[in-house]
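A quick write-up on the structure given underneath.
We did not get these values from a lab; they are worked out from the coordinates using the rules stated. Since the model is a prediction, treat every value here as computed from it, not as a measurement. Note that each Cβ is placed from the backbone with ideal geometry, even for glycine, and that neighbours are counted across all protein chains shown.
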Amino acid sequence: MGCRVSNRPAGRVGQVKEVTSLANPLVKDIRALALKKYRDQQGAFLAEGLKLVVDALDLGWSIRTLILAKSSLGNAVAEKAAARTVAAGGTVLEVSERVLGAIARRDNPQMVAGVFEQRWTALRDVRPAGGDVWVALDRVRDPGNLGTVIRTADAVGAKGVILVGDTTDPYSFETVRATMGSIFAVPVARATQAEFLEWRKRFVGQVVGTHLKGAVDYRSIDYAGRPVVLLMGNEQQGLPDALAECCDTLARIPQAGRADSLNLAVATGVMLFEIRRSALSLSPEAGR
């Protein structure tokens with residue numbers, strides 16, 4: 001596609017452009033990020049919202065393009081974000097609300113969006129220690145579930161998320177929106193099932209998985225004393241045998257109604273907050 005939104009030489013000062021046409025090559029490139037193929041090719045993704053953009057800049061993420069609706073000009077925070085983008089060598093596009101709506105793929109978009117470089121943590125660099133908690137998700141397919149898990153992991157202070165197998169893209173529009181900005185705060189690693197199982201052999205903490213056949217009430221598990229990896233199965237199929245067998249404990253979440261299972265994101269949240277509660281109850285600061 002025409003004018004590709006690409007990496008820039010270090011030290012290069014960015015530029016500001018006014019764009020009014022959906023046919024502009026830069027707009028076409030940004031709109032193409034709706035497809036995983038182009039996100040992978042460009043190593044980039046789109047995040048919508050002024051707060052998300054500012055949070056990303058504050059956390060040191062590399063911004064390639066800042067898209068501003070002309071109606072946001074005069075907003076001090078938006079203009080500061082634009083100045084930071086130019087200083088970092090990025091491009092600022094001043095666009096009509098029509099163009100921004102086409103980029104954001106909805107009728108009422110927020111007035112600011114940013115194209116950022118993707119960031120992945122290598123599995124070999126995931127070395128949980130102390131009271132660290134990581135979440136491993138097997139073949140998660142729903143973008144809303146993945147985004148909510150990343151947001152919840154951020155809320156409880158988990159150190160990161162490991163995506164196992166063929167999962168939905170954490171940098172899709174839908175997932176990024178569901179994270180509400182936590183995509184910028186929570187490291188994400190990815191691995192095949194075989195790679196994860198090999199990594200697990202070297203992991204000295206405990207792996208706790210949820211399973212319909214789990215024999216242990218999740219509230220009775222001792223999560224303290226060593227790092228924890230919470231391993232959650234696919235929305236439809238749960239944990240496959242190979243992953244279930246690598247767990248130290250298979251937990252169950254008791255239910256009183258007719259439903260025999262919980263939504264993946266809800267179940268992950270229940271588990272994470274119990275792990276956090278258990279850790280806080282043993283903390284010297286607890287109760288002060």
Under 15 Å from the 7 Å Cα→Cβ point of A88, by amide nitrogen: which residues of region 30-61?
-> 44-61
In a Gaussian network model over the chain where Cα atoms closer than 10 Å are linked, find which of V229, V208, V19 has the largest mean-square fluctuation.
-> V19
How large is ³J(HN,Hα), in whole Hz, for each residue of region 161-172 in order, when computed from phi with the Karplus curve 6.51 cos²θ - 1.76 cosθ + 1.60 and θ = phi - 60°, using x for Gly and Pro?
-> 10, 10, 9, 10, x, 7, 10, 5, 7, x, 9, 5
When you have a sec, figure out the Kirkwood radius of the chain from all distinct Cα pair distances and drop it here in Å to one decimal?
-> 20.4
Highest to lowest packing among 157-165, 256-264, 26-34, 216-224, scored as the average C-beta count within 10 Å | 157-165, 26-34, 216-224, 256-264
Mind checking which lysines have their C-alpha under 27 Å from K213, skipping anything on the same chain fewer than 8 residues away?
-> K201
Angle in degrees between helix 193-202 and the longest Cα principal axis of the chain, rounded to the nearest 10 = 60
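I'd like the FRET efficiency for R226 and K80, computed as 1/(1 + (r/R0)^6) with the beta carbon distance as r and R0 of 35 Å, rounded to 0.05.
Once rounded, the FRET efficiency stands at 0.20.
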Measuring from centroid to centroid over Cα atoms, what is the spacing of region 253-270 and region 64-131 in Å?
-> 35
Estimated 222 nm signal from helices in the chain, with DSSP H stretches of n ≥ 4 weighted -39500 (n - 2.57), rounded to 500 | -10000 deg cm²/dmol
Give, as ranges by residue number, the residues of region 48-75 whose backbone N falls under 19 Å from the point 7 Å along Cα→Cβ of N108.
-> 48-52, 69-72
Determine the relative contact order of region 123-281: mean sequence separation of Cα pairs under 8 Å and six or more apart, normalised by residue count, in whole percent.
-> 29
Expressed as a rounded percentage, what relative contact order does the chain have, with Cα pairs under 8 Å and six or more residues apart?
-> 18
Express as a percent, rounded to the nearest 5, the fraction of DSSP beta bridges in the chain (both residues included) that run antiparallel.
-> 25
With a ≥ b ≥ c taken as the square roots of the eigenvalues of the C-alpha gyration tensor of region 123-281, please select rounded if a/c is under 1.5 and otherwise prolate if a/b is larger than b/c or oblate if it is not?
-> rounded
